[in-house]
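Data block below; observations after.
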Amino acid sequence: MDYENIIVEIHDNVGLIRLNRPNALNALNEKLMREMVQAMQMFDDDPTIGAIVLTGSQKAFAAGADIKEMEQATTVEMLYNDRISLWDKIRAVSVPVIAAVSGVALGGGCELAMSCDMIVASHTTRFGQPEINLGVMPGAGGTQRLTRAVGKAIAMEMILNNRWLSADEAYQFGLVNRVVNAEIYLDEALRLAGEIAARAPVAIRLAKESVNAAYEMTLTEGLRFERRNFYFLFSTQDQKEGMNAFVNKREAKWQGK
Ligand code: DAK
């Protein structure tokens, strides 16, 4: 598959997507979003891929949605073009997606990182929601995901007053999983993704779905949802294999069945 704005690689059982618009600091234009979602879906449909890493460059994960593309847009154009459905498709990916982030993660770039399941950040990363400077506000999950991740006080400051977070602050506030040197952030994300991709595939997918359900449901509903997924796993060969391997003190061999 030929892409213009992304580079796609496979590292063992991990699919890697690199955003690649260096002259625009990986600003997320519609073409890039379309290609990125297409690549994610391709990896998600590939039974040999157990996790996806999404990255940019050391200088920029992404500087936000493409302002030049949006500048002249009308409300009706924004409403009816299908950008939103592209963002929704990221949520529908069933394998874990890890963002490997460095440099700027601003606006839609910060929102894209937060749409992933985990974030590995380099020390140089700066997270921000600067949309207020453009006379708008976050539109791809910033007010919701950021608030859930870092809490109301910090989210308000970032969204209303363009406060940027350093990588260390983002770690302290619970936005990112870990912070490592810029030289190794991608390797670290690939290593983490590789570990996850080597685990029982059906359990991984249902566990991801169940954690995400915590954002959508009451505790009672969420506990019921979790339990159903837990019981479901007893219909898989991997459950028999995993428990038998434990009992017999051997390594489990996962089938994804
Ligand atoms: N869009 C378009 N081009 C961008 C860009 C962006 N967001 N960010 C940077 N660029 C371009 C610059 O225009 C420049 O291009 P040339 O002038 O060389 O042609 C090139 O990248 C290098 O940028 P700078 O010269 O500005 O580089 P600096 O190192 O001086 O500054 C910076 C880096 C990241 C601080 C600065 O570029 C900057 O402030 N960029 C804009 C950051 C920003 O405001 N981001 C938020 C955009 S609004 C939604 C989906 C998504 C969204 C909303 C709704 N729906 C589906 C409903 C998201 C909205 C946003 O993200």
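Checking the stated criteria, V76 turns out not to satisfy the condition of being at pLDDT 95 or above and not acidic (D, E). In the set G174, G135, G194, only one residue is closer than 28 Å to N29 by Cβ and at pLDDT 95 or above; that residue is G135. Scanning the stretch 178-219 for residues that are touching a strand residue (DSSP E or B) at 6+ places or on another chain (Cβ under 9 Å) and of a type in the set (D, E) returns E183, D187, E188, E195. A Cβ distance below 9 Å, combined with a sequence gap of six or more or placement on separate chains, defines the contacts here; from the stretch 182-198, residues that are in a loop (DSSP other than H, G, I, E, B) reach residues that are among the hydroxyl-bearing types (S, T, Y) in the pairs A182/S102; A182/S122; A182/T124; A182/T125; E183/S122; I184/S122.
Taking the condition buried (at least 21 other Cβ atoms within 10 Å of the Cβ) and charged (D, E, K, R), does R91 pass? Against the criterion (buried (at least 21 other Cβ atoms within 10 Å of the Cβ) and charged (D, E, K, R)), R91 does not qualify. Residues that are in contact with a Leu (Cβ under 7 Å, 6 or more places away or on another chain), more than 9 Å from the ligand (Cβ to nearest atom) and not acidic (D, E) number at least 3 in the following helices (runs of 4 or more DSSP H) confined to the stretch 18-108: 30-44.
Take A170 and tell me if it is in contact with a Phe, Trp or Tyr (Cβ under 7 Å, 6 or more places away or on another chain) and closer than 24 Å to S102 by Cβ. So A170 fits the description; yes. Taken together, E226, E209, E251, E216 contain a single residue that is buried (at least 16 other Cβ atoms within 10 Å of the Cβ) and either in contact (Cβ under 8 Å) with a residue 12 or more places away in the chain or assigned to a loop (DSSP other than H, G, I, E, B) (or both), which is E226.
The values are calculated or read from the model by the stated rules, or taken from the named source; none is laboratory data. Note that this is a predicted model, so its numbers are computed, not measured. As a convention, Cβ positions derive from the backbone with ideal geometry for all residues, glycine included, and neighbour counts pool all protein chains shown.
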